[in-house]
Amino acid sequence: MAFLFRRDPALLSPIGFGSVGHVPFLLNHDMSYADEVNRFLRERALLDWHPNNRHGEATARVRAPAENTIFAIARDLENFLTYMEVNGLDWRAMDYRQVLRTYQADQNNGSWSERGVPLAPATINRRVGYVCEFLSWAGDRGLRPAFLILESRSTVRDRSGTATTHRFHDVAGRAGRVRERIERLRIPTVAEIDTWLAEVEAKRGKTKALACKTILETGMRLEEVALLRAAQVPDPGTILPGYPARMDICYGTKGSRQVGDPDKKGKQRLLRFGVDFLHTLDDYRRLRRAKAVAAFRRNNPGKRPSDILFLSESTGEPLTKKMIYDAWTRAEKLPFPGWSPHAGRHAFACLLLLRLIHEEGERIGQSAATLPRSVMITQAMDLVQMYVRPILGHVSEQTTARYLEWVADHFMVAEHRAAWAHYLEGNDA
C-alpha cells in the first residue's frame with residue numbers, strides 16, 4: 001500500500017526548496033521513498049514536463065497545475081501504486097492495453113472499489129488519464145520502454161480487402177475511455193428545499209443555514225462561501241432600483257491561484273443575485289455576525305477577529321468548509337439522496353436559467369411555454385453563455401448540456417400538464 005504526505009513549505013524554503021513545498025510525496029508500502037513517482041510530481045508541478053508539451057512544442061499551451069490539482073494527481077497515483085502492489089504488477093512493464101484490461105477494468109467492474117461497486121466513469125477516466133501521464137513521462141525519461149497510447153482506429157485497404165489497424169500515439173488523447181453517461185439533473189422543489197433548510201437551521205443554527213442558502217442564492221462554490229469576507233458584501237443602498245445585486249469574489253475561486261497563498265485568492269468573478277438576499281446577508285453582517293465578533297473578543301482578549309463573513313455563533317471563529325458541508329449533508333430531510341453543495345450550484349443554475357427565459361418571454365409579450373422548442377433551446381443556450389457561465393465560473397460543455405436538457409424537460413412537463421388540465425375542463429372535443 002502506498003502512502004501520501006504533504007510537505008511543510010516553512011521547512012523547505014530556508015534550505016532552497018521552496019518551489020516544491022506545495023508538491024506532496026509518496027512512500028511505498030515498506031515506507032521507502034517512491035523515487036520515480038515523486039520525481040514525476042515535481043516535474044509536473046514545475047512544468048519541467050507536461051503532457052501537452054513533451055517535446056518542447058512552441059505552440060503548446062501549458063499551465064502550471066494548482067496546489068490542489070497536483071495533490072489530486074498524487075492521490076490518484078497513490079491509488080495506482082497500491083493497485084500495482086496488491087496485484088503483483090510492475091508499471092515498468094505494462095503497456096496501454098494492459099492498463100485498460102487491469103486497472104481500468106477492475107474499477108469499472110467494482111473489484112477495485114472500496115464498496116465493491118463500479119466507480120463513476122469520470123473517476124475512472126481521470127485516474128487512468130493521470131496514470132497514462134506518469135507512464136508516458138517515465139518512457140520519456142528512459143525509466144521504462146516508451147508508453148504508446150492507443151488514440152484511434154484507422155481503416156487501411158489493401159489488395160485482399162479491408163483491414164482495420166490501430167494507430168498509436170504518445171499523447172494523452174486516448175481510446176478505450178469508459179463511456180460517461182450524462183445523468184439527468186434532479187432539482188428539488190421549493191417545498192423540499194424549505195423543509196431541508198428548516199432542519200439545518202433547527203439543528204445546526206441560523207448561521208450555518210444561511211451559509212448553505214448562500215450557495216443556492218448565488219451559485220458560489222462551498223469553498224468560496226467559507227472564504228467570503230464580510231467586506232465583500234456590498235451595501236444594499238448602492239444597488240439601483242430594478243437591478244440585481246452584484247458582488248465580486250476572489251477567495252477560493254478557481255484559476256490564477258499563487259502556490260502557497262494562505263488566502264487562496266484566485267481569479268476574480270462577478271456574481272449577480274437577488275437584492276432581497278443581499279439584504280439578508282447585510283442584516284446578518286450587521287447583527288448576528290457582530291454578536292459573534294463580540295463573543296470572540298470576550299474569549300480572546302487582544303486578538304483580532306477574522307475578516308471571514310460567516311462566524312460561529314458561540315466562538316466567533318470562522319465556519320470551515322467541512323462545517324458547512326456537514327450541516328448541508330447530515331440532515332434527515334434531504335431533498336433526495338446525494339443532495340450536496342455541488343448539487344446546490346446546479347439548482348441555482350437551472351432556476352436562474354428558467355427565470356431568465358420567462359423574463360425574456362415577458363419582454364416580447366409571449367409566454368416562454370408557448371415558444372417553439374427550437375427557439376426556446378437556442379435562447380437557453382445563449383443565456384447560459386451570457387449569464388450562467390460567468391456567474392458560476394467554469395462550466396463544462398457536459399454540464400451545460402445537462403442544464404439545457406433539464407430546461408427542455410421542464411417545459412415539456414408544463415405543456416403536458418396544461419393540455420391535461422384543458423382536457424379535464426371539457427374544452428377538448
Boolean, Arg167 is among the basic types (Lys, Arg), in contact with a strand residue (DSSP E or B) (Cβ under 7 Å, 6 or more places away or on another chain) and either modelled with pLDDT of 95 or more or not in a loop (DSSP other than H, G, I, E, B) (or both): yes
Criterion: part of a loop (DSSP other than H, G, I, E, B), under 24 Å from Arg44 (Cβ atoms) and out of contact with any helix residue (DSSP H, G or I) (no Cβ under 8 Å at 6 or more places or on another chain) - qualifying residue of Gly129, Gly142: Gly142
Failed condition for Val259, given (1) modelled with pLDDT of 95 or more; (2) surrounded by fewer than 20 Cβ atoms within 10 Å (Cβ to Cβ): (1)
Failed condition for Arg184, given (1) out of contact with any Cys (no Cβ under 6 Å at 6 or more places or on another chain); (2) crowded, with 17+ Cβ neighbours inside 10 Å; (3) modelled with pLDDT under 95; (4) not in a helix (DSSP H, G or I): (2)
Residues of segment 190-220 classified as surrounded by 23 or more Cβ atoms within 10 Å (Cβ to Cβ) and in a loop (DSSP other than H, G, I, E, B), total: 2
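Quick grid of which residues meet (1) under 27 Å from Leu334 (Cβ atoms); (2) outside the structural domain of Phe348 (by TED's automatic domain parsing); (3) of a type outside the set (Gly, Ala, Ser):
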| position | (1), (2), (3) |
| --- | --- |
| Leu216 | yes, yes, yes |
| Ala230 | no, yes, no |
| Arg257 | no, yes, yes |
| Pro262 | no, yes, yes |
| Leu287 | no, yes, yes |
| Lys291 | no, yes, yes |
| Ser306 | no, yes, no |
Helices (runs of 4 or more DSSP H) contained in segment 67-111 and holding at least 1 residues on the phi > 0 side of the Ramachandran plot, modelled with pLDDT of 95 or more and within 29 Å of the chain's Cα centre (by Cα): none
Residue within segment 37-57 that is loosely packed, with under 12 Cβ neighbours inside 10 Å, assigned by TED's automatic domain parsing to the domain that holds Ile124, under 26 Å from Gln258 (Cβ atoms) and modelled with pLDDT of 90 or more present: yes
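The values are calculated or read from the model by the stated rules, or taken from the named source; none is laboratory data. Since we're looking at a predicted model, the values are computed, not measured. Virtual Cβ from ideal backbone geometry, glycine too; neighbours counted across all protein chains shown.
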